[in-house]
Amino acid sequence: MNFYFAPMEGLTGYIYRNAHHAFFNQSINKYFSPFIAANQSESFKTREINDILPENNQGIVLVPQLLTNNAKDFIHTSKKIKLLGYNEINLNLGCPSGTVVSKYRGSGFLSKKEELDVFLDEIFSQSITKISVKTRIGKDQPEEFYELIQIFNKYPIEELIIHPRIQKDFYKNKPNLKIFQEALTLSKNPVCYNGDIFTGKDYKEFSAKFPSVETLMLGRGLLTNPGLISDILDNTKLEKKLLKDFHDKIYDDYKKTLYGEKNVLYKMKELWLYMILMFSNNEKYLKRIKKAERLYDYNETISNLFREQDILEIR
Ligand SMILES: Cc1cc2nc3c(=O)[nH]c(=O)nc-3n(C[C@H](O)[C@H](O)[C@H](O)COP(=O)(O)O)c2cc1C
C-alpha cells in the first residue's frame, strides 16, 4: 500500500511536514502541499513559496497543490513550480469552503462541468508537469460523479484522488463507498482513496472491502496519530516520548519562523484539536490549551498533559 499525507491548510505546511518526515519518515510516499491559489499574479505569496521551496522540503516527496478554475493561471503557475524542480502538480477539486465554492473553485468547480472539461483540456494539452486531481464526487448530489468520471476519463490524470463526499457534506456524514466502488470500475486512471481512515481497524475494514486499492491518502487520522501508518502496518503503539519530541520540534520551529507568541499559539492550537484525541482525560487540557494566551501558560499545560495522561490505544 502507498500512503499519502493529505494537504491540510494551516496544518500540514513545511514545518509540520519536516517534523513528520524526521520522526515518522518510514511511512509516507508523498506529501501534498496545502493549496496554493493560482491567480494572475506573477509572484507567489511569501507563505506559499516558502512552503514549497526545495530547501524547505529536503528529502521529502512533495506534490504542490493548486486551486483555480482558470487554465491560464494554472499553466503559468505550473511553469514556475516546474522551475523549482517539481514534476507533478495536484489540482484541488475538493475544497468545500463557502468562499472558495462561491467562486466556482475547489468542489464548486464540479458544478460547472462544461467549463471543467474545457479547463482540463487546456491544462493537459500543455503537459508542463504530470497532473493529479483531488476531487469530491459532486457538488450537490453523489450521482454527479457519473458525469464527472466521463470528463476525467478523457485526460491522462496521473492519479485521481477521490474523497467520496459531496461539497454540501463538508466533513459530515459518511464517505459514499458505493460511489467509490463504481469509481474503481469506471475510472480509466489510477484511483487513490481518501476519507475517514482514523485507526488500524478502519484501514483493515477498508482494505478488506477494496482489496484492489493500492494508494490511500490520510488527513485527520495522521494529524491525530502521526504514527498511524506504523499502527496500521504492524500494530505499533504511539510512544509518548516520540509524540513529545515530535511536538517539541514543531513548536520550536514555529517559534523560530513565526512572529510573536499569538501566531505560534494559533498554529499549535489548531494542531491540538486533532492530537489531543490521543490522550486519556483530554477535555480539560484541550480547554486550557485553547485558553492559553501566553507561551508560558501553554508550556505548563503541555508538560502537565504529557506527565499526567496516557496515550490511548485507538483501534
Ligand atoms: C482543516 C482542513 C484543511 C484542509 N485543507 C485542504 C487543502 O488545502 N487542500 C485539499 O485538497 N484538501 C484539504 N483538506 C481536505 C483533506 O485533504 C482531506 O481530503 C479530508 O480531511 C478528508 O480526509 P481524512 O478523512 O483522511 O481527513 C482540508 C481538510 C481540513 C479538515
In the Gaussian network model of the chain, springs joining C-alpha atoms below 10 Å, which of 295, 222, 148 carries the largest mean-square fluctuation?
295
Applying the gyration tensor rule to the Cα atoms of the stretch 80-209 (axes a ≥ b ≥ c; rounded if a/c under 1.5, else prolate if a/b exceeds b/c, else oblate), the class is prolate
Once both axes come from the Cα atoms, what is the angle between helix 71-83 and the longest principal axis of the chain, in degrees from 0 to 90, rounded to 10?
60
Under a Cβ-Cβ cut-off of 9 Å, what is the net charge of the residues other than residue 227 that fall near it, where Lys and Arg count +1 and Asp and Glu count -1?
-1
Give the distance, in whole Å, between the Cα centre of the stretch 287-315 and the Cα centre of the stretch 1-58.
26
Pop the C-beta distance of residue 291 and residue 22 into the FRET formula with R0 = 30 Å and round what comes out to the nearest 0.05.
0.50
GNM of the chain, Cα pairs under 10 angstrom: of 56, 235, 194, the biggest fluctuation goes to 235
Kindly express, to the nearest 10 degrees and within the range 0 to 90, the angle between helix 200-209's C-alpha long axis and the longest C-alpha principal axis of the chain.
20
Listed by chain and number, the residues whose amide H is under 5 Å from that of residue 36, excluding neighbours fewer than 5 places away on the same chain and using placed H, are 65, 66, 67
Among 173, 137, 110, the residue whose Cα sits farthest towards the positive end of the charge dipole of the stretch 103-186, when +1 is placed on the Cβ of each Lys and Arg and -1 on the Cβ of each Asp and Glu, is 173
With labels modelled as points extended 7 Å from the Cα through the Cβ direction, what inter-label distance (nm, one decimal) is found for residue 252 paired with residue 214?
3.9
Among 172, 79, 154, residue whose mean-square fluctuation peaks in a GNM of the chain (springs only between Cα atoms under 10 Å)
172
Between residue 39 and residue 205, the two model label points (7 Å from Cα along the beta-carbon direction) sit apart by a distance in nm of 4.2
The stretch 263-307 shape via C-alpha gyration tensor axes, a/c threshold 1.5
oblate
Using only the heavy atoms of the protein chains and a 1.4 Å probe, how would 132, 111 rank by accessible area, largest first?
111, 132
Per residue of the stretch 256-267, what does 6.51 cos²θ - 1.76 cosθ + 1.60 with θ = phi - 60° give for ³J(HN,Hα)? Whole Hz please, x for Gly and Pro, Karplus curve as stated.
6, 9, 9, 9, x, 4, 4, 5, 5, 4, 4, 5
Would you please give the FRET efficiency between residue 304 and residue 141, computed as 1/(1 + (r/R0)^6) with r the Cβ-Cβ distance and R0 = 35 Å, to the nearest 0.05?
0.15
Cα-based Rg / Dmax (Å) for the chain
19.7, 58
Could you give me the ³J(HN,Hα) list for the stretch 279-285, computed from phi with Karplus coefficients 6.51, -1.76, 1.60 and θ = phi - 60°, whole Hz, x at Gly and Pro?
9, 5, 6, 7, 4, 5, 5
Rounded FRET efficiency, nearest 0.05, which uses the C-beta distance separating residue 58 from residue 82 and R0 of 22 Å
0.75
Amide H contacts of residue 2 (H built 1.01 Å from N, under 5 Å, at least 5 apart or other chain)
215, 216
Near the amide H of residue 192, under 5 Å away, which other amide H atoms are found, from residues 5 or more places off or on another chain, if H is placed in the peptide plane?
160, 161, 162
Asserting the computed 222 nm helical MRE of the chain (DSSP H runs at least 4 long, -39500 (n - 2.57) per run, divided by residue count, to nearest 500) equals -13500 deg cm²/dmol
Step through the residues of the stretch 237-243 one at a time and calculate ³J(HN,Hα) from phi using the Karplus curve (6.51 cos²θ - 1.76 cosθ + 1.60, θ = phi - 60°), rounding each to whole Hz and writing x for Gly and Pro.
7, 5, 7, 4, 5, 5, 5
Could you state the angle between the C-alpha long axis of helix 14-23 and the longest principal axis of the C-alpha atoms of the chain, as a value from 0 to 90 degrees rounded to the nearest 10?
70
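The values are calculated or read from the model by the stated rules, or taken from the named source; none is laboratory data. As the structure is a prediction and not an experimental result, all values here were calculated from the model. We place every Cβ from the backbone using ideal geometry, glycine too, and count neighbours over all the protein chains shown. Calculation scope for accessible area: heavy atoms of the full protein, side chains included, ligands and nucleic acids excluded. Shrake-Rupley method; radii C 1.70, N 1.55, O 1.52, S 1.80 Å.
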